[in-house]
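Worksheet for the structure shown next.
The values are calculated or read from the model by the stated rules, or taken from the named source; none is laboratory data. Computed from a predicted structure; not experimentally measured. Here the Cβ positions follow ideal geometry from the backbone for every residue, glycine too, while neighbour counts run over all protein chains shown. Side chains included, ligands, DNA and RNA excluded: accessible areas come from the protein's heavy atoms. Shrake-Rupley method; radii C 1.70, N 1.55, O 1.52, S 1.80 Å.
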Amino acid sequence: MTSIATFTSVIETLGIIAFAMSGVFAALAKKLDMFGVLVIAFVTSVGGGTVRDMLIGATPVAWLKDTHTLSIILITVVITLLLRKRIGNFQRTLMVFDALGLGLFTVIGIQKGIAYGLSPGVCVALGTITGCFGGVVRDILLNHIPALFHVKELYATTCIAGGTVYFLTTGALGPEAAQVIAASVVSSFRIISYLRKWHLPSL
Amino acid sequence: MTSIATFTSVIETLGIIAFAMSGVFAALAKKLDMFGVLVIAFVTSVGGGTVRDMLIGATPVAWLKDTHTLSIILITVVITLLLRKRIGNFQRTLMVFDALGLGLFTVIGIQKGIAYGLSPGVCVALGTITGCFGGVVRDILLNHIPALFHVKELYATTCIAGGTVYFLTTGALGPEAAQVIAASVVSSFRIISYLRKWHLPSL
Amino acid sequence: MTSIATFTSVIETLGIIAFAMSGVFAALAKKLDMFGVLVIAFVTSVGGGTVRDMLIGATPVAWLKDTHTLSIILITVVITLLLRKRIGNFQRTLMVFDALGLGLFTVIGIQKGIAYGLSPGVCVALGTITGCFGGVVRDILLNHIPALFHVKELYATTCIAGGTVYFLTTGALGPEAAQVIAASVVSSFRIISYLRKWHLPSL
């Protein structure tokens, strides 16, 4: 159990770092100042969980209750700014971290929905929001139409797929196995669709 | 009583459908992908009630507690996408549904404010938010200045008028009659001002 | 004590008025209609406290519980619209009101964080959100990248400085003295940095 908890916590931290780094690069592209870069990194990282917690009333929202998250993001921003030219060459590594974070965040969102007694469809929606809406809030603040809504990449789709797998397997295999499977489905489906350039069909 | 409840529920469903359809057309105009169209339809439909519920702390917000709403919107999106060329010719019908939904959503918002012990002015504000802020969130996500704030149509104004009528009549006639009158004022005032092209005076 | 409470309440009202006036001018610059001007003034004034209250779950959020705030903003909007040519000449006076409001709002946010048992770093973040995020929501609604994130003025920085001073002094001097000192630090640091055109270093 402890090793699973540690493993989860490592993955979650990698996800927070990957999301914060993507926020830093998005903010630099828009020539924001230091404070702006910090806020965008922060919002990209914790925005999805914050929207989820405000919707279900799990307040104070998660990041207010530990300084931990704030500190990890602050350190990530400083290091990313210092090393930004080198990090630019690690887009593929970052994508993998992002995909791992996406899978884990989706499962965390689903668990929270279940804890609040919500129906499976709604839990999948909450998992998707947890994984994807940090990027949506980032894009709103940067005055873009959220990439999630028009780039046709398989991103939210992978969360919905993983969430569906969770509810298909949890009855037979129990919640813990279903969590591992669902997170793996999201992450691997995301990585494969990225590498193979799979897209949503046009309307 | 049951027939009033049924009637209300039919009107509410028509309002949800009309708002979702307007979301689909707005999203298509911005060339969003399938997931984007779905989110925009959803947000247009339930965004106003969601903002209201987060402001007053009525959480989990309404649409999380029934899968019903999610399903109605999903079906509306699919049908609207399939029949979008034909539906484009029914703008006036859609406007009537929208106006009916607007009246009902305003009254629902007022009732919720009263249930939380809030003052009449604040209840009218909550009714207006319930009716109008789905469109505001939609426009933010589509990277427009919200139409509600600059097109000078009588839209929020009709909610404020109906809300005021509610508090002027509820003492003498009781809350149920006041609800019917207020919703009728909003819907008919909206339809008439649309047909006659009434506008707010310029500043 | 009563005179401190009165003093606080006067400063808070000046802050609300200054923020609402800045909202009116921002809305007029984008040619919004009457309803749009009202909403933007309102959001600029109470948006920061609203975001804070939704994050910590202090609901119904503050302005729903007194009609007072709604009325002050409504009167401010009407007067500002009537006298807008004259008021345009008082930018420096408005900046001072804004700076006073900023200091007080920061301290109010910190107090609320402490009342919810949150850690010092998080309380400083909540104070900064209370002081600064009305302007952020205003800019999102007006379809700008929030000025707070890119103009390099010392604005959020002054809230973070004042909040830090609060926690450095509250142990030795008690919370009341620390509040007065922190609010004074924010306001005076803001005014000085504005007059001397101090900026954040470039990235």
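Out of the residues in the range A:189-203 that are open to solvent by 70 Å² or more (accessible area, probe 1.4 Å) and assigned to a loop (DSSP other than H, G, I, E, B), which is farthest from the other protein chains (Cβ to nearest Cβ)? Even if it seems obvious, please write down each step before you answer.
Going through the range A:189-203, the residues open to solvent by 70 Å² or more (accessible area, probe 1.4 Å) turn out to be A:192, A:194-199, A:201-203.
Pick out the ones that are also assigned to a loop (DSSP other than H, G, I, E, B) and you get A:196-198, A:201-203.
Working: A:196: 18, A:197: 15, A:198: 13, A:201: 7, A:202: 8, A:203: 6 Å.
Residue satisfying both the conditions and the ranking: A:196.
Here's the yes/no breakdown for (1) more than 17 Å from residue A:54 (Cβ to Cβ); (2) at pLDDT 95 or above; (3) of a type outside the set (Ser, Thr, Tyr):
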position	(1), (2), (3)
A:97	yes, no, yes
A:100	yes, no, yes
A:103	yes, no, yes
A:110	yes, yes, yes
A:124	yes, yes, yes
A:127	no, yes, yes
A:130	no, yes, no
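Residue by residue through the range A:43-71, note down the ones that are hydrophobic (A, V, I, L, M, F, W, C), touching a residue at least 24 places away in the same chain (Cβ under 8 Å) and closer than 22 Å to residue A:139 by Cα.
First pass over the range A:43-71, keeping only residues hydrophobic (A, V, I, L, M, F, W, C): A:43, A:46, A:51, A:54-56, A:58, A:61-64, A:70.
Filter again for touching a residue at least 24 places away in the same chain (Cβ under 8 Å), leaving A:43, A:46, A:51, A:55-56, A:58, A:70.
Hits for the range A:43-71 are A:43, A:46, A:51, A:55, A:70.
Among the candidates B:168, B:126, B:118, which residue alone is facing another protein chain (nearest Cβ under 9 Å) and assigned to a helix (DSSP H, G or I)? Give the steps one after another, and end with the answer.
Numbers: B:168 fails: facing another protein chain (nearest Cβ under 9 Å); B:118 fails: assigned to a helix (DSSP H, G or I).
From the options B:168, B:126, B:118, the qualifying one is B:126.
Please specify each residue of the range A:43-92 satisfying the condition of being in a loop (DSSP other than H, G, I, E, B) and polar (S, T, N, Q). Show your work before the answer.
To start, the set of residues in the range A:43-92 that are in a loop (DSSP other than H, G, I, E, B) comprises A:57-61, A:66, A:83.
If the condition is that a residue be in a loop (DSSP other than H, G, I, E, B) and polar (S, T, N, Q), then A:59 is the only one that fits.
Does residue B:182 satisfy the condition of being free of Cβ contacts under 8 Å to residues at least 40 places away in the same chain and over 13 Å from the mean Cα position of the chain (by Cα)?
no
Do we have any residue at all in the range B:175-198 that's touching a helix residue (DSSP H, G or I) at 6+ places or on another chain (Cβ under 6 Å) and closer than 30 Å to residue A:149 by Cα?
Taking every residue of the range B:175-198 in turn, none turns out to be touching a helix residue (DSSP H, G or I) at 6+ places or on another chain (Cβ under 6 Å) and closer than 30 Å to residue A:149 by Cα.
Which residue out of B:82, B:74, B:70 is exposed (fewer than 12 other Cβ atoms within 10 Å of the Cβ), farther than 25 Å from residue B:153 by Cβ and of a type in the set (A, V, I, L, M, F, W, C)?
Details: B:74 fails: exposed (fewer than 12 other Cβ atoms within 10 Å of the Cβ); B:70 fails: exposed (fewer than 12 other Cβ atoms within 10 Å of the Cβ).
Selected residue: B:82, the only one of B:82, B:74, B:70 that is exposed (fewer than 12 other Cβ atoms within 10 Å of the Cβ), farther than 25 Å from residue B:153 by Cβ and of a type in the set (A, V, I, L, M, F, W, C).
Applying the selection to the range C:28-56, what residues are within 20 Å of residue C:70 (Cβ to Cβ), out of contact with any His (no Cβ under 9 Å at 6 or more places or on another chain) and among the small types (Gly, Ala, Ser)?
Selection gives C:41, C:45, C:47, C:48, C:49.
For residue C:176, indicate whether it is surrounded by fewer than 20 Cβ atoms within 10 Å (Cβ to Cβ), in contact (Cβ under 8 Å) with a residue 12 or more places away in the chain, out of contact with any Pro (no Cβ under 7 Å at 6 or more places or on another chain) and closer than 24 Å to residue C:24 by Cα. Reasoning before the result, please.
Numbers: surrounded by fewer than 20 Cβ atoms within 10 Å (Cβ to Cβ): yes; in contact (Cβ under 8 Å) with a residue 12 or more places away in the chain: yes; out of contact with any Pro (no Cβ under 7 Å at 6 or more places or on another chain): yes; closer than 24 Å to residue C:24 by Cα: no.
No; evaluated as a whole, the condition is false for this residue.
Taking the range C:144-164 as the search range and keeping residues that are free of Cβ contacts under 8 Å to residues at least 24 places away in the same chain and open to solvent by 40 Å² or more (accessible area, probe 1.4 Å), which one is nearest to the other protein chains (Cβ to nearest Cβ)?
Here is the first cut: in the range C:144-164, the residues free of Cβ contacts under 8 Å to residues at least 24 places away in the same chain are C:144-151.
Within this subset, residues satisfying the condition of being open to solvent by 40 Å² or more (accessible area, probe 1.4 Å) are C:144, C:150-151.
Values: C:144: 7, C:150: 5, C:151: 7 Å.
Per the stated criteria, the residue is C:150.
If we scan the range B:48-58, do we find a residue that is polar (S, T, N, Q) and modelled with pLDDT of 95 or more?
Yes: the range B:48-58 contains one or more residues that are polar (S, T, N, Q) and modelled with pLDDT of 95 or more.
Can you name the residue in the range A:55-70 that is within 9 Å of chain C (Cβ to nearest Cβ), aliphatic (A, V, I, L, M) and under 17 Å from the mean Cα position of the chain (by Cα) and, of all such residues, is farthest from residue B:60 (Cα to Cα)? Explain how you work it out, then say what you get.
Pass one, the range A:55-70, residues within 9 Å of chain C (Cβ to nearest Cβ): A:57-61, A:63-67, A:70.
Filter once more, keeping what is aliphatic (A, V, I, L, M): A:58, A:61, A:64, A:70.
Filter again for under 17 Å from the mean Cα position of the chain (by Cα), leaving A:61, A:70.
Numbers: A:61: 13, A:70: 26 Å.
My answer is A:70.
Considering the range C:19-54 alone, what residues qualify as being open to solvent by 30 Å² or more (accessible area, probe 1.4 Å), more than 10 Å from chain B (Cβ to nearest Cβ) and not aliphatic (A, V, I, L, M)?
C:22, C:25, listed by residue number.
Got at least one residue in the range A:99-112 being crowded, with 23+ Cβ neighbours inside 10 Å, within 23 Å of residue A:156 (Cα to Cα), touching a residue at least 12 places away in the same chain (Cβ under 8 Å) and within 14 Å of another protein chain (Cβ to nearest Cβ)?
Checking the range A:99-112: at least one residue is crowded, with 23+ Cβ neighbours inside 10 Å, within 23 Å of residue A:156 (Cα to Cα), touching a residue at least 12 places away in the same chain (Cβ under 8 Å) and within 14 Å of another protein chain (Cβ to nearest Cβ).
Under 8 Å by Cβ, and 6 or more places apart or on different chains, what pairs join a residue from the range A:1-17 that is modelled with pLDDT of 80 or more with one that is open to solvent by 50 Å² or more (accessible area, probe 1.4 Å) and not aliphatic (A, V, I, L, M)?
Sorted first by the residue in the range A:1-17, then by its partner, the pairs are A:14/A:97; A:15/A:97; A:17/A:97.
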